[in-house]
Amino acid sequence: MPSDHVIVSSTTDSEAAARALAGGAIEARLGACAQIVGPITSVYRWEGSVHADAEWRVEIKTAADQVAALTGHIQANHTYDVPEIIATPIEGGSAEYLAWLVAETR
């Protein structure tokens, strides 16, 4: 059974960029709330080289029917060529919170 609620995660190269992504998503009602975690260290391969850089993770809680629009919003407003965008289903939680989450994305 698919989840009606999702956490969409992305990473950015600065706290300011993370705040802009989070704020824009909430302002557009594509998410109910967002948390910014960082700095974290990301280790990855890009264009043939291994990198280790400081990043900030943005976690946006949203309704499942907003994931496509939120993905498009992140892609359009992100500074990376290929931004991380991962949607993870929320399998449970407070019914009141989850109802609020959906209401805030309408």
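Here are the numbers for the structure shown:
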item	result
Candidate set: region 12-29, residues that are touching a residue at least 12 places away in the same chain (Cβ under 8 Å) and of a type outside the set (A, V, I, L, M); chosen: the one nearest to HIS78 (Cα to Cα)	THR12
Residue selected from region 86-96 under the condition in contact with a strand residue (DSSP E or B) (Cβ under 9 Å, 6 or more places away or on another chain) and not in a loop (DSSP other than H, G, I, E, B), by the criterion farthest from SER3 (Cα to Cα)	ILE86
Selected residue [touching an Asp or Glu at 6+ places or on another chain (Cβ under 8 Å) and modelled with pLDDT of 95 or more] from SER14, SER9	SER9
Count - residues of region 97-106 that are of a type in the set (A, V, I, L, M, F, W, C) and either buried (at least 16 other Cβ atoms within 10 Å of the Cβ) or in contact with a strand residue (DSSP E or B) (Cβ under 7 Å, 6 or more places away or on another chain) (or both)	3
Extreme residue, farthest from the chain's Cα centre (by Cα), among residues of region 58-85 that are outside any helix (DSSP H, G or I) and exposed (fewer than 12 other Cβ atoms within 10 Å of the Cβ)	ASP81
Matching option when the condition is touching a Phe, Trp or Tyr at 6+ places or on another chain (Cβ under 9 Å), more than 19 Å from ALA16 (Cβ to Cβ) and in contact (Cβ under 8 Å) with a residue 60 or more places away in the chain, among ALA52, ALA64, ALA32	ALA32
Pairs, first closer than 17 Å to ILE26 by Cβ and of a type in the set (Gly, Ala, Ser) in region 94-105, second modelled with pLDDT of 95 or more and not in a helix (DSSP H, G or I), C-beta under 8 Å, six or more apart	ALA103/ALA32
Region 1-55: number of residues that are exposed (fewer than 13 other Cβ atoms within 10 Å of the Cβ), of a type in the set (A, V, I, L, M) and outside any strand (DSSP E or B)	2
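The values are calculated or read from the model by the stated rules, or taken from the named source; none is laboratory data. Quantities reported herein were computed from a predicted structural model and do not represent experimental measurements. Here the Cβ is made from the backbone with ideal geometry for all residues, glycine too, and neighbour counts use every protein chain on show.
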